[in-house]
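Student: Sharing a structure with you now.
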Amino acid sequence: MPTIKHKDQRVAVLLDVQNLYHSAKNLYNARVNFNEILKVALSDRKLVRAIGYVIKTETGEETAFFEALIKMGIETKMKDLQIFPGGIKKGDWDVGITVDAIRLGESSVDSLVLGTGDGDFVPLVEYLKNRGRQVEVIAFGRSTSAKLKEVADEFIDMSTNPKKFTIPIKKLKKPRTKLNVGN
């Protein structure tokens, strides 16, 4: 059921960039349209803060993407990708997102919008709701925890309109090869 949203609501949008990125890539072979997510998440309400939680790799190839987020008005919080012996890679912001959500929920916002499908956030959503905060989740429904959808005040399913929330990945054209046709 949609929640009541009014123009004077103070909203924080917290985006689990890795979760949304991998969902869009795996489900639609596309990139995420964060501009559209922010617009839908706000719904003409007052933005207090929009934060994108990102992972930085050793190559730094994502720098232009991080700069694009900032130009959209999304503050970025960065963490280095951890690489463990054996090649296992880890990069998540679950604790950081949780701490920021609790801090923002304590005083400065009426509603928090979590951009993630990660079921690890269920206890956070329950905590914030018990503190009187409205909590909405925006993510791709096909890759979102059923329990997270259930506990949120509202679940905005980006899978219902993937063209709106994704940007197709351009395929590189294969270079033409000359055929040797007779000598």
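Student: Search region 58-80 for residues being touching an Asp or Glu at 6+ places or on another chain (Cβ under 9 Å) and loosely packed, with under 14 Cβ neighbours inside 10 Å, and hand back the single one that is farthest from Leu14 (Cα to Cα).
Tutor: In this case the residue turns out to be Glu58.
Student: Restricting to region 126-161, give me the number of residues that are small (Gly, Ala, Ser) and outside any loop (DSSP other than H, G, I, E, B).
Tutor: Of all residues in region 126-161, those small (Gly, Ala, Ser) come to 132, 139, 141, 143, 145-146, 152, 159.
When the remaining residues are screened for being outside any loop (DSSP other than H, G, I, E, B), the result is 139, 141, 143, 146, 159.
Residues in region 126-161 being small (Gly, Ala, Ser) and outside any loop (DSSP other than H, G, I, E, B): 5 in total.
Student: Only one residue in Pro123, Pro85 is part of a helix (DSSP H, G or I), of a type outside the set (Asp, Glu) and over 15 Å from Leu14 (Cα atoms). Which one?
Tutor: Working: Pro85 fails: part of a helix (DSSP H, G or I).
It is Pro123.
Student: Okay, moving on. Select from region 97-120 the residues that are touching a Leu at 6+ places or on another chain (Cβ under 6 Å) and farther than 12 Å from Val13 by Cα and write down the one among them that is surrounded by the most Cβ atoms within 10 Å (Cβ to Cβ).
Tutor: Among residues in region 97-120 that are touching a Leu at 6+ places or on another chain (Cβ under 6 Å) and farther than 12 Å from Val13 by Cα, the one surrounded by the most Cβ atoms within 10 Å (Cβ to Cβ) is Thr98.
To keep it simple, each residue is scored yes or no on (1) surrounded by 17 or more Cβ atoms within 10 Å (Cβ to Cβ); (2) at pLDDT below 95; (3) out of contact with any Gly (no Cβ under 7 Å at 6 or more places or on another chain); (4) closer than 21 Å to Ala50 by Cβ.
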position	(1), (2), (3), (4)
Val151	yes, no, yes, no
Ile156	yes, no, yes, yes
Lys170	no, yes, yes, no
Lys178	no, yes, yes, no
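Student: Taking interchain pairs and intrachain pairs at least six residues apart, which have beta carbon atoms under 7 angstrom, with the first residue in region 84-106 and under 16 Å from Val54 (Cβ atoms) and the second modelled with pLDDT of 90 or more and of a type in the set (A, V, I, L, M)?
Tutor: Gly91/Ile55; Ile97/Leu14; Asp100/Leu14; Asp100/Ile51
Student: Report, by residue number, each residue of region 55-82 that is at pLDDT 95 or above and part of a strand (DSSP E or B).
Tutor: Glu75, Thr76, Lys77
The values are calculated or read from the model by the stated rules, or taken from the named source; none is laboratory data. If you're wondering where the values come from, they're calculated on a predicted model, not measured in any experiment. Virtual Cβ from ideal backbone geometry, glycine too; neighbours counted across all protein chains shown.
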